[in-house]
Structure formats: C-alpha cells, structure tokens
1. Which value, in debye to the nearest 20, gives the size of the charge dipole of the chain about its Cα centre, when Lys and Arg are +1 and Asp and Glu are -1 at the Cβ?
2. So, for the chain, what is the accessible surface per residue at a probe of 1.4 Å, expressed in square angstrom?
3. With a/c under 1.5 counting as rounded, go ahead and sort segment 53-148 into rounded, prolate or oblate using the C-alpha gyration tensor (a ≥ b ≥ c being the square roots of the eigenvalues; past the cut-off, prolate if a/b is larger than b/c, else oblate).
4. Tell me the carbon and sulfur percent of the accessible area for the chain, rounded to whole percent, probe radius 1.4 Å.
5. Which value in deg cm²/dmol, rounded to the nearest 500, describes the helix-derived mean residue ellipticity at 222 nm for the chain, given -39,500 (n - 2.57) per DSSP H run of n ≥ 4 and division by the residue count?
6. Positive end of the dipole of the chain, charges at C-beta (+1 Lys, Arg; -1 Asp, Glu), about the Cα centre: which of Ala116, Met79, Leu41 has its Cα farthest in that direction?
7. Report, to one decimal in Å, the Kirkwood hydrodynamic radius for the chain based on all distinct Cα pairs.
8. State the extension gain, in nm to one decimal, for the chain segment bounded by Tyr150 and Asp108, taking 0.36 nm per residue of separation less the distance between their alpha-carbons.
Amino acid sequence: MGHEQPTGENLTAHVGSLEQKLEKSQHVVTRRDLHEQLMNLYSAGNAPRKVAEHRKALIELEENDLLNLGYSEFQRSIMHQRLATLYQAVGDKLKAKRHKDAWSRAADGIQLFDAAQNQLWQLKGPNLGTYAESIALIKCALERGVSDNYQARIHRALGEIYHKCGKSTKATE
C-alpha cells in the first residue's frame, strides 16, 4: 500500500514536524533520514535553497561517517555511492567521480550489476557512453563473482546492451 504525500496545510505541518525532530535528534542515522525526507519534500515543493541546505547537511554527515573505521567495506561502499550522487547533484564533478571510483573499488558484484541495470533503466535513447559505462560495471561484477542466478541476468543484460549498440555478434556471445 502506497503512502500519499501530504499537501497544503498538511505538508506545512509535516515539514514543521520533521524540522523539529531534526533539531532535537542527535542520532546520525535519524538525522540522515530526516535530511533526506526534508530534501525530497522541499524538492517536490520547489524550494531549491532548502534542498541545497539539506543536501549540504547530508554531505557533511556522510563525509564524517566515512571517517568512522567501524564500518564494513560494504557499508563504506554505500556511503561513497550516496556521496557521489550528492556531489553530482551540487555540480561538484571531481568529488562525485572520486566517490564513484571509491564505490566501484569497494562494491561487490551484485552492487555493480544493480547499478549498471539502474543506469540502463533510466537511459532514454541511445547513449553509447552510458552503455560503455554499464558494460564496464557489468564485466567488473562478473570478475568479482556473483551467484549463478545473477550470472544469467548479467549475461542477458550484456546481450541486450550489445544488441542496442548494434553489435549483434557480441550480443549472441
């Protein structure tokens, strides 16, 4: 069952409630969740300054969290992935690439394949650069090892990409 987004006065009250919770919260995960919720609500409400304010706070939280040595490689890879997305959104391509590269070094095969598949689902029209990037992620996923179930999905996705790129002989391999 889906949740309806609050509107009008309900939205204002909801945002106010989230902002109050944020002010009171000292727990990093709770603060991260609240900043994400508020960023999404302000984005839907077309409030770019508030979106930027919460995005900046998310970046600070994630960067500080990376300094914590208690996280697993998997957890750190997710942090790098989130930071890459956040930096991309603020237009800092250098930091976005740095975190994307760190993510791809730490990610497991399934994460890499899922990221490649997400890229492809969001793709509209032919974009050889995105196809090449997805192919590289998928090949890396195979090298890192995935279950047999994922291997079949990976090979099917590679075939579809090569077919879309007009490389029919590669698609059948």
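1. That gives a dipole near 540 debye.
2. Spelled out: the 1.4 Å probe surface of the chain, per residue, equals 65 Å².
3. Since a/c reaches 1.5 but b/c is at least a/b, the shape of segment 53-148 is classed as oblate.
4. Of the solvent-accessible surface of the chain, carbon and sulfur hold 52 percent.
5. After summing the helix terms and dividing by the residues of the chain, the value is -26000 deg cm²/dmol.
6. Ala116
7. 18.4 Å is the Kirkwood radius here.
8. Between Tyr150 and Asp108, full extension yields an extra 13.9 nm.
The values are calculated or read from the model by the stated rules, or taken from the named source; none is laboratory data. The shown structure was predicted, so the numbers you read here are calculated from the model rather than taken from an experiment. Neighbour counts are summed over all protein chains in view; Cβ atoms, including those assigned to glycine, are modelled from backbone coordinates with ideal geometry. For accessibility, only protein heavy atoms count, side chains too; no ligands or nucleic acids. Shrake-Rupley method; radii C 1.70, N 1.55, O 1.52, S 1.80 Å.
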